[in-house]
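Notes follow once the structure below has been shown.
Computed from the coordinates by the stated procedures, all read-outs in this text should not be read as laboratory data. Computed from a predicted structure; not experimentally measured. We place every Cβ from the backbone using ideal geometry, glycine too, and count neighbours over all the protein chains shown.
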Ligand code: HEM
Ligand code: ISQ
């Protein structure tokens, strides 16, 4: 079964609600990544020499938002075309950034878990298995495109 209108709506509507609180959302997302995989710490420039997660780092915020937005766009494309197409330039760029930072395939599961938990916590009682499934599928397909580019790169 392809990606349905309902699944697309679940992703889009929850993102519309979540983006009302970007500062909290981006911090929570990033904190969860480090909580699940403490060793990922050294890959991110936001932390520099400090152990503390910066509360108001514009780059952290922008990157975190981009991950959510791209997952959302991925949901739209899955419904429209049945596949995720990331612009060539963006994909090449993201592929090389992640290879350079030392990201490997298993890290993508960490970010997936953190993303899903961030949505779950933000949505409270609106959270559902269907919502989890829709975000998970959109993320998986986007991650597959980035991973393929990373493999081509390496
Ligand atoms: C940087 C997106 C998965 C670690 C970035 C940037 C974006 C992004 C947009 C900013 C690039 C720039 O403008 O410099 C994504 C998306 C992912 C994904 C959409 C999955 C679908 C991952 C994973 C890891 C990771 C699995 C590893 C835990 C990083 C790191 C940076 C980065 C370390 C550099 C941040 C810095 O220090 O400036 N990512 N990413 N990303 N990403 Fe990801
Ligand atoms: C970059 N790539 C994946 C996830 C991220 C979360 C927060 C900030 C930057 C990120």
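So if we plug the beta-carbon distance of residue 48 and residue 120 into 1/(1 + (r/R0)^6) with R0 = 35 Å, what FRET efficiency do we get, rounded to 0.05? Provide the component values of the computation, followed by the final result.
Details: r = 30 Å, r/R0 = 0.86.
E(calc), rounded to 0.05, equals 0.70.
Taking neighbour counts of Cβ atoms within 10 Å as a proxy for exposure, in what order, fewest first, do 107, 151, 63 appear? Could the numbers behind the result be given before it?
Details: 107 20, 151 11, 63 16.
Lowest to highest Cβ neighbour count: 151, 63, 107.
Where does each of 146, 53, 33 land when they are ranked from fewest to most other beta-carbon atoms within 10 angstrom?
Working: 146 20, 53 15, 33 24.
Ordered by Cβ neighbours within 10 Å, fewest first: 53, 146, 33.
Shape call for the stretch 45-95 from the C-alpha gyration tensor, a ≥ b ≥ c root eigenvalues: rounded (a/c under 1.5), prolate (a/b greater than b/c) or oblate?
Values: a/c = 4.18, a/b = 2.33, b/c = 1.80.
Prolate, because a/c is 1.5 or more and a/b exceeds b/c.
From a point 7 Å beyond the Cα of residue 20 in the direction of its Cβ, which residues of the stretch 69-91 have a backbone N at a distance under 19 Å?
What the label zone holds, given the 19 Å backbone N cut-off, is 69.
Find, to one decimal place in angstroms, the Kirkwood hydrodynamic radius of the chain, where the mean of 1/r is taken over every pair of different Cα atoms and then inverted.
Working: mean 1/r = 0.0626 Å⁻¹.
About 16.0 Å, per the Kirkwood formula over Cα pairs.
Using Cβ counts within 10 Å as a stand-in for footprinting exposure, how do 30, 44 rank, fewest first?
Details: 30 24, 44 17.
Ranked by crowding around the Cβ, least crowded first: 44, 30.
What nm distance separates the two modelled labels at residue 93 and residue 76, each placed 7 Å from Cα along Cα→Cβ?
1.7 nm
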